[in-house]
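Enquirer: My questions will all concern the structure given below.
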Amino acid sequence: MRLKRWVAAGSALVKRALPGYCAFCLAPLEGGASWCSECFEQLPWNRPACPCCGDQLTNDHPSLCGHCISKRPAFEAAHVALRYASPINALVRDFKFNARPRAGMLLCELMQDSLPSPPFDAILPVPMTPERARDRGFNQAHWLAFELAQRSGLPLLEARRLKQGPSQRGLNRQARFANLAGAFVVETPPPAYVAIVDDVVTTGATAHALALALRRAGAQRVDVWAAARTPLVVDDV
């Protein structure tokens with residue numbers, strides 16, 4: 001299959017991909033699409049998924065996951081069409097750690113394709129502290145949100161991160177939520193319906209903390225709009 005050949009070749013194909021060729025298999029394309037239909041169908045779609053947090057479900061029943069049944073997050077719904085698996089994980093890493101604009105554009109197009117008519121009043125990227133932004137070189141969530149705002153005509157809001165705290169990597173679900181308590185503030189009153197934009201959702205702890213800040217500032221509904229959702233992991237069970 002074409003997608004398997006792309007995975008075997010790694011992200012080098014993304015770096016070489018040009019308009020007019022499939023970003024995943026480099027097959028010639030007609031029109032303005034960035035991928036062929038075969039590769040598109042083989043992407044790791046996030047189905048079935050919890051309608052609230054977007055976590056994968058083990059059955060096809062459209063119900064909430066165990067975490068959302070026991071304690072709903074501060075956001076209402078997660079719009080995450082893909083899972084963080086090959087080849088999307090390679091695409092995210094190429095964008096996030098190598099600052100490849102072509103990879104970022106593909107993630108943006110996939111997000112927009114999954115939600116062609118966003119119902120939100122505005123979108124807000126997950127912020128970084130200035131120190132973290134300088135270390136990283138750029139904020140991938142802000143990059144995605146800016147592109148999505150340009151494409152959809154939605155206003156782009158801003159929040160401020162008050163503390164960075166320890167890295168979320170390696171922390172279990174409970175520790176991730178505790179690590180981000182009070183981490184964000186929204187200083188300008190937002191519109192009623194806001195979507196938080198990020199590249200990857202893991203436990204939803206970051207989105208939960210940011211949604212609380214948005215609600216304190218006056219938002220009536222907060223959703224999440226992201227490129228990928230990580231699969232269930234042992235720490236999250």
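The values are calculated or read from the model by the stated rules, or taken from the named source; none is laboratory data. None of these values were measured; they are calculated from a predicted model. Note that we place each Cβ from the backbone using ideal geometry, even for glycine, and neighbour counts take in every protein chain shown.
Enquirer: Inside segment 64-80, can you point out the residues that are assigned to a loop (DSSP other than H, G, I, E, B), out of contact with any Cys (no Cβ under 8 Å at 6 or more places or on another chain) and either of a type in the set (S, T, N, Q) or exposed (fewer than 14 other Cβ atoms within 10 Å of the Cβ) (or both)?
Expert: Lys71
Enquirer: Here is a check on your reading of the model: is Arg136 of a type in the set (Lys, Arg) and either in contact with a Pro (Cβ under 6 Å, 6 or more places away or on another chain) or touching a residue at least 24 places away in the same chain (Cβ under 8 Å) (or both)?
Expert: Answer is no for this residue.
Enquirer: Shifting gears a bit: Please give the helices (runs of 4 or more DSSP H) falling wholly within segment 81-151 in which 3 or more residues are basic (Lys, Arg), surrounded by fewer than 16 Cβ atoms within 10 Å (Cβ to Cβ) and assigned by the TED database to the domain that holds His208. Please lay out each step first, then the result.
Expert: Values: elements: 88-98, 101-114, 130-136.
The qualifying helices (runs of 4 or more DSSP H) are 130-136.
Enquirer: How many of the residues making up segment 27-42 are surrounded by fewer than 19 Cβ atoms within 10 Å (Cβ to Cβ) and assigned to a loop (DSSP other than H, G, I, E, B)?
Expert: 6
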